Structures are given as structure tokens and as C-alpha cells.
Amino acid sequence: MYFVYMLRCADGAFYTGFTTDPARRTAVHNSGKGAKCTRARLPVTLVYTESFPDKSAALKREAALKKLTHGQKESLITASAKAE
């Protein structure tokens, strides 16, 4: 199982990636050993995940999410939280 995830950085920016374990990956980011982009924006909080059966589907969704505007990402996160 693969996951696409979004992190909210301390400065309000979003980081989008994919992994097999979102909680572990968030911990790696918060330890300062994640993506260069998040190192200067700690701490980060996991705010969104989607699961996929294969890596290819996850990578395609990650690319699509990265093209969204900040406002569109906010809306997606809000809608996801309401659905839970």
C-alpha cells in the first residue's frame, strides 16, 4: 500500500510526497532528515493522506496535488476532515 500525504509546515506552506508509512515519514521530516524544503520549516504536521494499491497511482496523484494552488489544497484538506 502506498500513500500520498500532505504536511503543513510551521510557516503555513504545504509539502506533498508519497510513502508507504505516513506516520514514520512525518517523524523523519520532523527530525530534520526529510526533504530539504521541510528542514527550514519545522515542525510539520500531517494533515492529509490518500491510499493507493500501487506506486504508479500514488505518484500520479502526488503530481496532481503538487499542481494545486494553496487555496485548493486548503479546500481539499477541509473537505477530507469533514468526511472523516
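Here is how the numbers come out for the structure above:
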read-out: Filter result for the condition that a residue is open to solvent by 40 Å² or more (accessible area, probe 1.4 Å), hydrophobic (A, V, I, L, M, F, W, C) and within 12 Å of the chain's Cα centre (by Cα), over 58, 13, 63; value: 63
read-out: Condition check for residue 67: at pLDDT below 95 and out of contact with any Phe, Trp or Tyr (no Cβ under 9 Å at 6 or more places or on another chain); value: no
read-out: Qualifying residue in the range 33-48 (condition: surrounded by fewer than 19 Cβ atoms within 10 Å (Cβ to Cβ), in contact with an Asp or Glu (Cβ under 9 Å, 6 or more places away or on another chain) and part of a loop (DSSP other than H, G, I, E, B)); value: yes
read-out: All positions within the range 56-84 that are of a type in the set (D, E, K, R) and over 15 Å from residue 16 (Cα atoms); value: 82, 84
read-out: Matching residues in the range 66-77 - criterion: being among the hydroxyl-bearing types (Ser, Thr, Tyr) and open to solvent by less than 70 Å² (accessible area, probe 1.4 Å); value: none
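The values are calculated or read from the model by the stated rules, or taken from the named source; none is laboratory data. Here the structure is a predicted model, which is why all the values come from computation and not from measurement. Here Cβ is always computed from backbone atoms with ideal geometry, including for glycine, and neighbour counts include all displayed protein chains. Ligands, DNA and RNA are excluded from the accessible area calculation, which covers all protein heavy atoms including side chains. Shrake-Rupley method; radii C 1.70, N 1.55, O 1.52, S 1.80 Å.
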